[in-house]
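Following: one structure in structure tokens, then a few remarks.
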Amino acid sequence: MMDTLIVNIGQLLTMEGDGPVKGEQMKTLPLMEQAAIGIKDGRVAWIGSNAETKTISAKHIIDAEGKLVTPGLVDPHTHLVFAGSREHELPLKQQGVPYLEILKRGGGILSTVRATRAASEEELYEKARVHLDRMLSYGVTAVEAKSGYGLDEETEWKQLRVAKRLHQTHPVEVVSTFLGAHAIPTEHQNHPDDFLQQMVDFMDVIKQEQLAEFADIFCETGVFTVEQSRLFLQKAKEKGFAVKIHADEIDSLGGTELAVEVGAVSADHLVGASSAGIYQLAHSNTIAVLLPGTSFYLGKGKYANARQMIDEGAAVALATDFNPGSSPTENLQFIMTLAALYLRMTSEEIWHAVTVNAAYAVNRGQDAGRIMIGRKADIVLWDAPNYMYVPYHYGINHVRMVLKEGKVVSERGKGDVSVS
Ligand SMILES: [Zn+2]
């Protein structure tokens, strides 16, 4: 007896396979037609043809209405927890003021830092919960959340505690990353190395309280150099953290090469990645996490070279980069459309990039991103006839229902299911 049986699935993307999906392999989608899924104790217990379901009994039956069913999406790069918003920067962008200039004037990250320092833990939690509910409604069942709007111990700790509490209370799995090295705070403008050391020292507390499993740094002109980033990430690894890098987002500094050198789980952004960097990335285990929403919103028309990455054999993932400055959106489906249009990724590649490869980018490859027997039943039922339809029909939400560990946690038209 199954707990739940999902019947009448027109197209089922199982994403079945082993390990991250690299290069050429991203062109083929493991899928079944006229399929069904059996769920027991929160896990996938059976996958077969719809015709076979006549002989299987279940407590609940969900009719997929002949439409698309996929694994829960994974958003592997977000800045989920912060206070305030930055709509007042939109006119500056329209006037062509570059981001690094806005940062220099005390805007950008630093204005969010001021707001986040001033907010209570409860305020941060309530705001982040709303964003997380919205991500879930768009089909996301696991998300990475970075700190980095504190840039002091007290506020970074506050942000990480909020992420941990969300992980414990919300249906969406939250993977936490310590991004204390997100920017140089005003009070440390003239001695960034002392600030980095302060953040390195603070990692001991984070480790002790199990507040983050990843450490990350913003390696960029005017923020942290490749040398500073190398030292920071090496120390993070020594303290037992897996590492990620904001690499080559604006300028080509060699952050991509550094990611490979230090064995980062993911290298993120990569808009300015050099050919040599892409070659090294393609021959490594580091996942390329691309954030076309940020390129789109910065409006400079410059996007990461996904084609070269995939053609040379890299495993590519996609994320929203949800944050109040350069990518204020929780909508990973919109990112899929941007990937199709501006990264020139095929629909098949895009689905790998938001499921299995995204799961590997947050060290959840064994658990999320695939529908296979024995795995957690994190499943999305779409109001779409096939997988190509989702990136094609853009800007709206195609999700009908989301299951997390076999339980319906979000359903169109049923407001608060996600927090029940
Ligand atoms: Zn980021």
Problem set entry | Per-residue HN-Hα couplings for segment 93-104 [Karplus 6.51, -1.76, 1.60; θ = phi - 60°; Hz; x = Gly/Pro] | 4, 4, 7, x, 5, x, 4, 5, 6, 4, 4, 4
Seminar exercise, completed: Rounded to a whole %, the carbon-and-sulfur portion of the accessible area of segment 302-396 at a 1.4 Å probe is 53 percent
For this session: Taking a cut-off of 16 Å between Cα atoms, list the lysines near K104, but don't count ones fewer than 8 places away on the same chain.
Result: K93
For this session: Calculate, for the chain, the solvent-accessible area per residue in square angstrom, rolling a 1.4 angstrom probe over the heavy atoms of the protein chains.
Result: 38 Å²
Problem set entry | Listed residues T337, T155, T169, most fluctuating in the chain (Gaussian network, C-alpha, under 10 Å) | T169
Problem set entry | Residue-span extension gain [R412 to I373] - 0.36 nm each, minus C-alpha spacing | 11.4 nm
Exercise. Where the centre of each part is set by its Cα atoms, how far does segment 40-60 sit from segment 330-352, in angstrom?
Worked result: 31 Å
Exercise. Using a basic spin-label model with each label point 7 Å from the Cα along Cα→Cβ, how many nm lie between E209 and H191?
Worked result: 2.5 nm
Exercise. When the chain is fully extended, how far beyond the present Cα-Cα distance does T225 get from D383, taking 0.36 nm per residue of separation?
Worked result: 52.3 nm
For this session: For the chain, with a Gaussian network of springs between Cα atoms less than 10 Å apart, report the residue from I184, I56, I371 with the top mean-square fluctuation.
Result: I56
Problem set entry | segment 83-164: trypsin sites (Lys or Arg not before Pro) in DSSP loop, at most 16 other beta carbons within 10 Å | R105
Problem set entry | Listed residues N50, N386, N190, most fluctuating in the chain (Gaussian network, C-alpha, under 10 Å) | N190
Exercise. Which of the lysines could be linked to K22 by a straight reach, that is with a Cα gap under 30 Å, when you skip same-chain ones fewer than 8 residues away?
Worked result: K67, K146, K235, K237, K239, K244, K300, K302, K376, K404
Exercise. How many nm separate the modelled label positions at D63 and E33, each set 7 Å beyond the Cα in the direction of the Cβ?
Worked result: 2.2 nm
For this session: Give me the distance between the Cα centres of segment 115-151 and segment 214-233, rounded to whole Å.
Result: 24 Å
Exercise. In the calculated pair distance distribution of the chain, what percentage of Cα-Cα distances lie above 35 Å?
Worked result: 24 percent
Exercise. How far apart, in nm, are the 7 Å Cα→Cβ label points at D201 and S49?
Worked result: 6.8 nm
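The values are calculated or read from the model by the stated rules, or taken from the named source; none is laboratory data. These numbers were taken from a predicted model, which means no experiment stands behind them. Here Cβ is always computed from backbone atoms with ideal geometry, including for glycine, and neighbour counts include all displayed protein chains. The area values use the complete protein model at the heavy-atom level, side chains included, leaving out ligands, DNA and RNA. Shrake-Rupley method; radii C 1.70, N 1.55, O 1.52, S 1.80 Å.
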